[in-house]
Amino acid sequence: MALGRGLGALIEDAAIDSTKNSNEEHVSHVVRELVNEIEVDKIDLNPYQPRTHFDENALQELSDSILKLGVIQPITVRALDGRYQLISGERRLRAVKLAGLKTIPAFTRTADDQGMLEMALVENIQREDLNAIEVAISYQRLIDECALTQETLAERVGKKRATVTNYMRLLRLPAEIQVGISESKISMGHARALVNVDDTSLQLSIYNKIINEDLSVRKVEELVRDSQNHKAPKASKPKSSTLAESEIMLHEHLTNKLGLRADVKPGGKGDGKIVISYNNPDELDLILEKFIKIEE
């Protein structure tokens, strides 16, 4: 499914513009890319792909999604001896083959100049007409294909690392929601709230509710908090562990005001502990940034 004007066209424009503004002695040629449908049988896997295991159930889910919605994020290949070599997107390629499709949308690299590719992508991101998914895909490409860390990427594009992380987290959302973002059915604010929902079916349920009832971002955030607060407890707690009013207020403040998944666990003698959960280093960085802001 095409996103806006298509990342390929935007990257090509950005690369050409960058060439006009660069010293000709340092830029001898331009990385030109197009998004085309390529026959999957003509694509060879990358021999340097470190990933060797692909979850079969997850691949089947992605394959089903592709049959319904198409490939949201094109793979990247390079022309090589009349065929194509995969640079990134093996999971998507496998899912397309599993779906029985004969072609897949791909960015085709026709010149292997890493510096120019990075320049084109960075300038592409600065465009005002990109939607949030296109920005997220560009960020992901810079990390995958230009070997950048999130911290270095943030410096390149002039954004805070938390901002970069927030965009990239959108790519974890189900394909249907990603399409909704790219088609402006929901805003970035709606999407950021949905990312905090662990259950895919619940994400889709809230997404459809946003569209059908024209919910505000604030209302969606309330729905997400309610869904987190009303999860069934794993085990019944003794009366001595019942949350006091002050503990409830603390829990609500951490969850509602800061957007953190936090549990307040009282002990039996007036003591207790606060547990703030995160799934990866990027989410930990976001938590640290929130507390830094509080201190400032």
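Readers should treat all values here as calculations from the given coordinates under stated rules, not as data from a laboratory. None of these values were measured; they are calculated from a predicted model. Cβ atoms come from the backbone with ideal geometry, glycine included; neighbour counts cover every protein chain shown.
For the pair LYS265/LEU202, report the inter-label distance in nm, with labels modelled 7 Å from Cα in the Cβ direction.
Reported label-point gap for LYS265 and LEU202 is 2.0 nm.
Which order do HIS190, HIS230 fall in if you start with the one that has the fewest other Cβ atoms within 10 Å?
Fewest-to-most Cβ neighbours within 10 Å comes out as HIS230, HIS190.
In segment 83-102, whose amide N lies under 19 Å from the spot 7 Å out along Cα-to-Cβ of LEU67? List them in ranges.
Zone members listed by number: 91-102.
Which value does Rg/Rh take for segment 186-229 over its C-alpha atoms, Rh per Kirkwood?
Ratio value, two decimals: 0.90.
Ranked highest first by the average count of other Cβ atoms within 10 Å around their residues, in what order do 134-147, 206-219 fall?
Ranking the peptides 134-147, 206-219 by packing returns 134-147, 206-219.
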